[in-house]
1. For a protection proxy built on the mean count of beta-carbon atoms within 10 angstrom, sort 14-24, 71-81, 130-140 highest first, please.
2. Quick one: 3J(HN,Hα) in Hz for the stretch 146-163, Karplus 6.51/-1.76/1.60 with θ = phi - 60°, rounded, Gly and Pro as x.
3. Could you give each residue of the stretch 40-47 its phi-based ³J(HN,Hα) in whole Hz, using Karplus coefficients 6.51, -1.76, 1.60 with θ = phi - 60°, and x for Gly or Pro?
4. Could you work out [θ]222 nm for the chain from helices alone, using -39500 (n - 2.57) per DSSP H run of at least four and dividing by all its residues? Round to the nearest 500 deg cm²/dmol.
5. Given points 7 Å out from each Cα along the Cα-Cβ axis, report the Val161 to Phe52 separation in nanometres with one decimal.
6. Build a GNM of the chain with springs between Cα atoms under 10 Å: which of Glu62, Glu47, Glu166 gets the top mean-square fluctuation?
7. Add +1 for every Lys or Arg and -1 for every Asp or Glu among the other residues with Cβ under 11 Å from the Cβ of Ala150, and state the total.
8. So, in nm, how far is label Ser169 from label Leu94 when the simple model puts each one 7 Å beyond its Cα toward the Cβ?
Amino acid sequence: MIATESNAVAASAVPKPSPLKALGLLLGAVLLVAGYLVLCGTLGNSEFYAGFLFLLCWAALEQGKLARLPYAALGAALGLALGYALHVLTTGSLGATGGYIFAALLLPVIYCQLMGWLSLVVNFTAMAFLTVVTIPHVQAYGDFRNAALALVIGVVYFGLVLGVSERLSARPKGAIAGS
């Protein structure tokens, strides 16, 4: 199950932040994104969409919880790997036959998704990544090696920043470091 009515009700029950808090959250988001772009740029990586798509899936589907990071990261890796398999199978000498081979490879993955099996890896994030990396423009011009690197950068960077943030916000008020 991807979304339920109870998920929609729970999301609408979250109180809206005050205008000042929303401004602070916006500034935090700008700094978070800027840091990721600087990292990718420093490494000469222009396929940064992979890290952003990971962040979107982790934040929206898994509420950015550190315990759910493996689900988003491994799902993203599977989706990217499947997209790369499609690219390799259809751009080589196999041509259209490669597409049929890819379909045969994809069917068990879709079945696992429908059955809720192997959800650590086969999940909505995997399907979201697969959808994006099968876009004809990405298939024709995307650099899958750099997309994989951008995904790793995104998982580590966003995981560290948001993980530290989660840990700090979970500390009891008035807690003293080292006590």
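1. Working: 14-24: 9.1, 71-81: 24.0, 130-140: 14.4.
By packing density, highest mean first, the sequence is 71-81, 130-140, 14-24.
2. Coupling constants for the stretch 146-163: 5, 5, 5, 5, 5, 5, 4, 4, x, 4, 5, 5, 5, x, 5, 5, 6, x Hz.
3. Here the 3J(HN,Hα) series is 4, x, 4, 8, x, 9, 9, 9 Hz.
4. Values: 8 runs with 131 residues, N = 179.
Theoretical 222 nm ellipticity from helices: -24500 deg cm²/dmol.
5. 1.3 nm
6. Greatest mean-square fluctuation among the candidates belongs to Glu166.
7. On the way: positive: Arg145; negative: Glu47, Asp143.
With Lys, Arg at +1 and Asp, Glu at -1, the neighbours total -1.
8. 4.4 nm
Computed from the coordinates by the stated procedures, all read-outs in this text should not be read as laboratory data. Quantities reported herein were computed from a predicted structural model and do not represent experimental measurements. So basically every Cβ, Gly included, is an ideal-geometry build from the backbone, and we count neighbours across all protein chains shown.
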